[in-house]
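**Student:** Input: one structure, supplied below.
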Amino acid sequence: VDLSVSWLGLTMANPLYNASGVMCRSVTELEQVRHSAAGAVISKSCTLQPRDGNPEPRYHATALGSINSMGLPNAGYAYYRDYARSYPYAQGKPLFLSISGMTLEDNLSMLADLASSALPCIPEVNLSCPNLPGKPQLGYDPDACAITLAEISRIYSGPFGVKLPPYFDPVHFSQMADLLNEFVGLRFVTCINSIGNGLVIDPDTESVVIKPKDGLGGLGGSYVLPTALANVREFARLLHGKHVVGCGGINSGREAFMHILAGATAVQIGTCLYEEGEGAFARILDELRALMLQKGYRCLDDFRGKLKTL
Ligand SMILES: CC(C)(C)CCc1c(C(=O)O)[nH]c(=O)[nH]c1=O
């Protein structure tokens, strides 16, 4: 069984890597992913300056998934750029850098520096990054998105991708796809980021479970799988000549298989990795391999994007 993925001018031994935000804030964590069975590594969304993020508790897991309001805690762009400078690309695990500037200017200055560093790492621009006060996140503001992507395309000539928030209305899927199709340098979209502003309640303590935003936070894990699959399938259908990376609710080989069946080129794990540790990569890959063997598939292209409808 061949689990390899060839895209963006590179080859990954397998389609699995971490979701930005999990096991990727420090070099220690990034090296943990790099030394694991993961096929690639992505760093925590970074801002120009380092950030402590929100007061704790800011992450909580339940049997059904997770809720978080981390608040973009990160070591600052230069820290991740320096890691990208020393990264051993020749060992065949690509490095993605997640970029989430607090302003358009910050995003552009990080990407301009990355362009001038001529490093083989690939930016994944987080469109859930904050917008102007009183405006929704960038990913939910098509006009602001268009400006951001036009400006990025002007200063960054290499391949890049965007991390998208979940969409729920057909009009939003087509509106965003039409916008994204305009940018040839935009080679992939990662669907989905956490489902925003959920609320987990503990009836025993009669309290919320995270401190920021009076308990509101982004949902991950099993809670989001059907929404993640829908976003992967819709964007895989609507985008021309671009890849979709699946993220959301992958706990085993079965969910990884579903994401690839829906059209995903590669897949990211977040909550499951946070809860289980880096052993999750080898386990999920073994389960995916076994499932493919059982079904008679020899490689991912044998079933990628071949989800049947009724
Ligand atoms: C939510 C933001 C803080 C604006 C961006 C960073 C981020 C965070 C975070 O750092 O709180 N959590 C997520 O689940 N997704 C994200 O994209």
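**Student:** Rounded to the nearest percent, how much of the accessible area of the range 1-121 (1.4 Å probe, protein heavy atoms only) is carbon and sulfur? Present the calculation step by step, with values, prior to reporting the outcome.
**Tutor:** On the way: 2540 of 4770 Å².
It is 53 percent, rounded to a whole number.
**Student:** Which value in Å is the Kirkwood Rh of the range 201-310 over different Cα pairs?
**Tutor:** Numbers: mean 1/r = 0.0651 Å⁻¹.
Computed over the range 201-310, the radius equals 15.4 Å.
**Student:** I've got another one for you. Which of Pro226, Asn181, Val208 sits farthest toward the positive end of the charge dipole of the chain, with +1 on the Cβ of Lys and Arg and -1 on the Cβ of Asp and Glu?
**Tutor:** Asn181
**Student:** Let me ask you something else. Report the relative contact order of the chain, percent, no decimals, based on alpha-carbon pairs under 8 angstrom and at least 6 residues apart.
**Tutor:** Result for the chain is 20 percent.
**Student:** Counting only helical runs of four or more DSSP H residues, what would the 222 nm mean residue ellipticity of the chain come to if each run contributes -39,500 (n - 2.57) and the total is spread over all its residues?
**Tutor:** Taking each H run of at least 4 residues, the total per residue is -10000 deg cm²/dmol.
**Student:** Here is a follow-up. Please work out the average accessible area per residue across the chain, using the 1.4 Å probe convention, and give it in Å².
**Tutor:** 43
**Student:** Can you tell which of Gly76, Ile284, Asn54 lies farthest toward the positive end of the dipole of the chain, using +1 and -1 charges on the Cβ of basic and acidic side chains (Lys, Arg; Asp, Glu)?
**Tutor:** Ile284
**Student:** Return an integer: the convex hull volume of the alpha-carbon atoms of the chain, in Å³ per residue.
**Tutor:** Spelled out: Cα convex hull of the chain, divided by residues, is 135 Å³.
**Student:** Using alpha-carbon positions, what is the distance between the centroids of the range 101-180 and the range 1-53, in Å?
**Tutor:** So the two Cα centres are separated by 19 Å.
**Student:** Shifting gears a bit: For the range 232-293, what is the charge dipole size about the Cα centre, in debye to the nearest 20, if Lys and Arg each add +1 at the Cβ and Asp and Glu each add -1 at the Cβ?
**Tutor:** In total the dipole reaches around 360 debye.
**Student:** Multiply the residue separation of Asp178 and Lys306 by 0.36 nm, subtract the distance between their alpha-carbon atoms, and state the gained length in nm to one decimal.
**Tutor:** Values: separation 128, 0.36 × 128 = 46.08 nm, distance 2.30 nm.
The span from Asp178 to Lys306 would gain 43.8 nm if fully extended.
**Student:** Which order do the peptides 296-308, 184-196 come out in when sorted by mean C-beta neighbours inside 10 angstrom, highest first?
**Tutor:** 184-196, 296-308
**Student:** Tell me, what is the percent relative contact order of the range 1-50, built from C-alpha pairs under 8 Å that lie six or more residues apart?
**Tutor:** Answer for the range 1-50 is 33 percent.
The values are calculated or read from the model by the stated rules, or taken from the named source; none is laboratory data. Predicted model only: the values in this text are computed from it and were never measured. Cβ atoms come from the backbone with ideal geometry, glycine included; neighbour counts cover every protein chain shown. Surface areas here come from the heavy atoms of the whole protein model, side chains and all, with no ligands, DNA or RNA. Shrake-Rupley method; radii C 1.70, N 1.55, O 1.52, S 1.80 Å.
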